[in-house]
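See below for the structure under consideration.
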Amino acid sequence: MPNEVLELLNQLIETLKRNSVEVYISKDAERDVERLKSEDSFICNALSIAADTGIVFFGGFESRKNSALAEHHIAIIRRDAVCKNVIEAYNLAISKSNVIFATSTASKTGDIEGKLIWGMHGPKKFTVVLEISEELYGGIA
Amino acid sequence: MREEDIYKAIKNRSIRAGILRTWENLHNAVEQNIERYRFLKEYAKDVKMAKLEVFSDYDRWTEKAMKSIESRNKCSVYYAEDGKEARKIVAEIVGRDKIIVKAKSMVSEEIQLREFLQEIGNEVWETDLGELIVQLANEKPMHVLAPAIHYSERQAAELLRKVGVKGYTAAELAEGVRKFMRQKFLLADVGISGCNAFSAKTGRIFLVENEGNIRLSTTLPKDYIAIVSIDKILPSDELCLKLVILQAAFLGTFPPAYINVNEPVEGQRMHVIFLNNGRKQAPEFLKEQLTCIKCGRCQIECPIFQITGSLWGNVYGGPMGMGWSGILGEIGYECFLSSLCGKCKEVCPMEIDMPRIIRELRKMMVRGNNLGEV
Ligand code: SF4
């Protein structure tokens, strides 16, 4: 079982990095997030995340508003929120909150000559703090 | 479409350069997505089947969709048969002297909503960077999802100067637009969006994007109007999710930065307008085009579109634009411009047989029929 879990977590981390997301692995997310936060950041707990695509679901209208306005969006993700795929992640999120929204990376555009620019209208940076147990910590690649 | 526009397009090197640049950026990205995300093909089959099912009884599905959201608090639901009716409904909701922030939406292009709202005395902003550039140029979008691909950095800078955005590089311009538009988002009275997919089961509206402008346009204003063309109705949330994933993957930008799942909420008045605009009356041979998810891949890959851009077509250009023009009842001799090479069908996630559709449209043109008589 831990092997399967580790495989899933390692897949998730690889996916997040491919999506240009800053990733922190933590044994205590509440504590570690303190070091990342600033007056321009918005921190919220994720309802679920899909390991295959890195799509993160959040809940609540106020969170939707505040996360879109922030310069830096920080998501705390706990082990039990990690799903294999996006359909599973959607179903888990909708079971926890009525109003949901998803984010997978910082705001971006390629509208001028296809040049990739981060931080078009939404956050310029998206960070994931992935909280896992002591037992799993050592197995993360 | 006017004949002289095609000659203009052929002589305009920046259209070709822009589309080829986009092709270089996106072609391999789509191929990689197909390779990496093996579920995409399955998703496409599911969505196509569901769309055909909805098409087979639009009346029932539209009623179901309207009911799914009618009962919710803070939500008004409307039905518009055509663009004129939709504009009238929007005008009654909005009134005049309002600041309106718009998310890029092809259905609003269909009904010329921005121009109409400006005419009746409102300040209207396209909030997507590419669409803002097109608004300032007073032109039509060059691609269904990437509207300003034909402008160089220098041309974009010149256009954006009209609203006081200074800078020369794409990064400077984007930063300037971010600041300019942030004020508009905060001051806006009304936000308007289209809809990528509508769940008839739950009344949720799915919208996919990368910039964050849709999220801000549909979250910050006190009044939010969503225009849902009836081809966007799907039976469930799961199918809606599959559709938005497909759209992003086949455009080439996957995963999308944002998936918005909008529904009535405390603190905002929501208005949902269902729009037919020719879809119910579409003849049998155009049925398949209604399964289109508007990813724009057939446009980028088409050898004719690579020369002409969306000037080949009406509201919708390129191969998909022929079928859509047929649905909207505005097809003309542009359907004879296709080489019928079949590339569009080959790359379409929904495997829509556009060459067949174009041949049927040609037959009709030759017979001198219009679509209503078929
Ligand atoms: S016709 Fe196919 S390829 Fe073209 S926009 Fe529609 S779904 Fe995409």
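The values are calculated or read from the model by the stated rules, or taken from the named source; none is laboratory data. Please read all numbers here as calculations on a predicted model, not as lab measurements. No Cβ is skipped: glycine too gets one built from the backbone with ideal geometry, and neighbour counts run over all protein chains shown. What goes into the accessible areas is simple: the full protein's heavy atoms, side chains included, and nothing from ligands, DNA or RNA. Shrake-Rupley method; radii C 1.70, N 1.55, O 1.52, S 1.80 Å.
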Considering Cα pairs under 8 angstrom that are at least six residues apart, work out the relative contact order of region B:122-263 and quote it in whole percent. 22 percent
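Take every DSSP beta bridge whose two residues both sit in chain B, then give the antiparallel share in percent to the nearest 5. Could the numbers behind the result be given before it?
Numbers: 8 of 34 bridges.
Beta bridges within chain B, antiparallel portion: roughly 25 percent.
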Taking chain B and a Cβ-Cβ threshold of 4.7 Å, the cysteines left without a partner are B:C75, B:C195, B:C240, B:C292, B:C295, B:C302, B:C335, B:C341, B:C348
Among beta bridges assigned by DSSP with both residues in region A:2-137, the antiparallel ones amount in percent, to the nearest 5, to 30 percent
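Which whole DSSP H helices in chain B pass both tests: a Cα extent of 18 Å or more along the axis and a mean Kyte-Doolittle value no lower than -0.5? Before the final figure, lay out the partial values.
Details: long enough: B:13-36 (35 Å, -0.82); B:40-56 (24 Å, -0.23); B:170-187 (26 Å, 0.04); B:237-251 (21 Å, 1.48); B:354-367 (20 Å, -0.31).
Both cut-offs are met by B:40-56, B:170-187, B:237-251, B:354-367.
Compute, for the protein assembly as shown, the length of the dipole vector about the Cα centre, with Cβ point charges of +1 (Lys, Arg) and -1 (Asp, Glu) only. Units Debye, rounded to 20. Don't skip to the answer; put the middle values down first.
Numbers: 69 positive and 70 negative charges, 137 e Å.
Computed charge dipole of the protein assembly as shown: roughly 660 debye.
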Provide the FRET efficiency to the nearest 0.05 for the B:Y333-B:I34 pair, computing r from the beta carbons and using R0 = 41 Å. 0.70
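How would region A:2-137 be classified by its alpha-carbon gyration tensor: rounded, prolate or oblate, with rounded meaning a/c under 1.5 and the a/b versus b/c comparison settling the rest? Please list the in-between numbers first.
On the way: a/c = 1.42, a/b = 1.39, b/c = 1.02.
Judged from the Cα gyration tensor, region A:2-137 comes out rounded (a/c under 1.5).
Rolling a 1.4 angstrom probe over the protein heavy atoms, how many square angstrom per residue are accessible across region B:250-320? All intermediate terms of the calculation are to be shown ahead of the outcome.
Numbers: 1480 Å² over 71 residues.
Accessible area per residue, region B:250-320: 21 Å².
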Buried by partner chains in region A:26-67 (accessible area down by at least 30 Å² vs chain alone, 1.4 Å probe, heavy atoms, protein only) are A:D52, A:T53, A:I55, A:F61, A:R64, A:K65
On full extension of the chain, what length is gained from B:E3 through B:T169, given 0.36 nm per residue of separation minus the C-alpha to C-alpha distance? 56.3 nm
Cα centroids of region B:165-236 and region B:1-69: how far apart, whole angstrom? 19 Å
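For chain B, what relative contact order do you get, as a whole percent, if you take Cα pairs closer than 8 Å and at least 6 residues apart?
Values: 694 pairs, mean separation 84.4, N = 374.
Across chain B, relative contact order equals 23 percent.
Kindly report the accessible area of region B:113-235 per residue (heavy atoms of protein chains, probe 1.4 Å, no ligands, DNA or RNA), in Å². Mind dumping the intermediate values first?
On the way: 3730 Å² over 123 residues.
Result: 30 Å² per residue.
Quick check for you: with a 1.4 Å probe and neighbouring chains kept, what is the accessible area per residue of chain A, in Å²?
Numbers: 5930 Å² over 141 residues.
On a per-residue basis, chain A sits at 42 Å².
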Only helices counted: for chain B, with every DSSP H run of 4 or more residues adding -39500 (n - 2.57) and the sum spread over all residues, [θ] at 222 nm is -14500 deg cm²/dmol
Which aspartates and glutamates does B:K280 reach when only Cα atoms under 18 Å apart count, and residues fewer than 8 places away in its own chain are ignored? B:E53, B:D57, B:D59, B:E63, B:E81, B:D82, B:E85, B:E110, B:D231, B:E288, B:E330, B:E373
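At a probe of 1.4 Å, how much accessible area disappears from chains A and B on forming the pair, both sides counted, to the nearest 100 Å²?
Numbers: alone 8040 and 16340 Å², together 20270 Å².
Chains A and B together bury roughly 4100 Å² of accessible area.
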A:R79 and B:S56 label points (each 7 Å along its Cα→Cβ direction) are spaced in nm at 4.7 nm
What is region B:204-335 by shape, rounded, prolate or oblate, if you read a ≥ b ≥ c off the alpha carbon gyration tensor as root eigenvalues and call it rounded for a/c under 1.5, prolate for a/b larger than b/c, and oblate otherwise? prolate
Rounded to the nearest 5, the percent of antiparallel DSSP beta bridges in the protein assembly as shown equals 30 percent
Run down the lysines and flag those whose C-alpha is under 19 Å from the C-alpha of A:K17, throwing out any fewer than 8 positions away in its chain. A:K84, A:K108, A:K124, A:K125
Two-site FRET efficiency, A:Y137 against A:K96, from Cβ-Cβ distance with R₀ of 22 Å, rounded to 0.05: 0.30
Please give the net charge around B:E139, taking every other residue with its beta carbon less than 13 angstrom from that of B:E139, where Lys and Arg add +1 and Asp and Glu add -1. -2
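So what is the orientation-averaged projected area of the protein assembly as shown, using the convex hull of its C-alpha atoms, in nm²? Write down the numbers at each step before the final one.
Details: hull surface 91.3 nm².
If you wrap the Cα atoms of the protein assembly as shown in a convex hull and average its projections, you get 22.8 nm².
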Report, to the nearest whole %, how much of the accessible area of chain B belongs to carbon and sulfur atoms, 1.4 Å probe, protein only. 49 percent
Mean ellipticity per residue at 222 nm, deg cm²/dmol - from DSSP H runs of n ≥ 4 across chain A, formula -39500 (n - 2.57): -10000 deg cm²/dmol
